[in-house]
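The values are calculated or read from the model by the stated rules, or taken from the named source; none is laboratory data. Note that this is a predicted model, so its numbers are computed, not measured. Note: ideal-geometry Cβ built from the backbone for every residue, glycine included; neighbour counts use all protein chains shown. Side chains included, ligands, DNA and RNA excluded: accessible areas come from the protein's heavy atoms. Shrake-Rupley method; radii C 1.70, N 1.55, O 1.52, S 1.80 Å.
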Amino acid sequence: MRALVALALCSFVLPAFAQPQDPFTGSIALGYLATSGNTDSTNANASLRVEWSPDGRWRHRWDALAVSARTNEVTTAEAYSAGYTGRRDFSEANYLFASLDWRQDRFSGYEQQISETVGFGRRLLDSERQTLALEGGGGAKQSTLLDGTDVDEAIVRGALDYVLRFNENAEFNQKIVTEVGEDNRYTEFVSALRTRVLGNLAVVVSYTLKRNSDVPPDIQNTDTFTSISLEYGF
């Protein structure tokens, strides 16, 4: 017999369904999923997001994420990330951005990866039903492999951020980020379906894929993680 227990602890999320008046918005989310029976497994995730838009033209965003998974008492996933992005609108559709990202993934073949990029973004769609933004830029990346080898390289960065709102209570979000350097190409693909259940409380189901093109021998290029969490917004 297999028992499935899903426990999501309360969180604070910026409601994507209404434009907040407060210059500070944010989210904190926790989720937990466990199965027992023929296979015992657990996975947990926690995320934090804070945004500050003091005048409508500047937008500052801080993100942090942690995920963990175990199967039959063996760790199968353990990853952490944190980042900052600053945006400055100079028209209704166009903006400049600067970003700083740190990633650590136990099973990626890298001890850590840090990237700093600047570039240009454009909102191709911006309506109540859907939004689509594309970004392009460049910068630098510093990586440390598991054997202690340091790799520094210049990178080109591209990103896509798409939101489709089915109604005032449900939306789909697709994000793609790629960083291409001489030694490695990193790609992150995140799909999330958010459904509001009560007030600012929402259930979020997400799928994340991360891929490094250049990894040590016996290391898989691609890691994936599926999560279920509750979010509550302020």
Considering residues of the stretch 111-145 that are in contact with a Leu (Cβ under 6 Å, 6 or more places away or on another chain) and within 20 Å of L65 (Cα to Cα) only, the residue modelled with the highest pLDDT: E116
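For the structure I just gave you, tell me whether V163 is hydrophobic (A, V, I, L, M, F, W, C) and over 28 Å from Y110 (Cα atoms).
Numbers: hydrophobic (A, V, I, L, M, F, W, C): yes; over 28 Å from Y110 (Cα atoms): yes.
In short, yes.
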Given (1) of a type in the set (V, I, T); (2) within 27 Å of L33 (Cβ to Cβ); (3) modelled with pLDDT of 95 or more, index of the condition T178 fails: (2)
Subset of the stretch 140-187 that is acidic (D, E) and crowded, with 18+ Cβ neighbours inside 10 Å - its residue that is farthest from F97 (Cα to Cα): E171
Answer residue from the stretch 123-149, given it is over 20 Å from the mean Cα position of the chain (by Cα) and among the charged types (D, E, K, R) and is farthest from R88 (Cα to Cα) among those: D147
Selection within the stretch 72-102 - open to solvent by less than 50 Å² (accessible area, probe 1.4 Å) and either of a type in the set (S, T, N, Q) or in contact (Cβ under 8 Å) with a residue 60 or more places away in the chain (or both): T75, A77, A79, S81, T85, S91, N94, S99
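This table checks each residue for (1) touching a strand residue (DSSP E or B) at 6+ places or on another chain (Cβ under 8 Å); (2) under 21 Å from S27 (Cβ atoms); (3) hydrophobic (A, V, I, L, M, F, W, C).
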| site | (1), (2), (3) |
| --- | --- |
| Y110 | yes, no, no |
| K141 | yes, no, no |
| E153 | yes, no, no |
| R157 | yes, no, no |
| N167 | no, yes, no |
| A170 | yes, yes, yes |
| R194 | yes, yes, no |
Subset tally (residues that are closer than 22 Å to A66 by Cα and among the aromatic types (F, W, Y)) for the stretch 87-110: 3
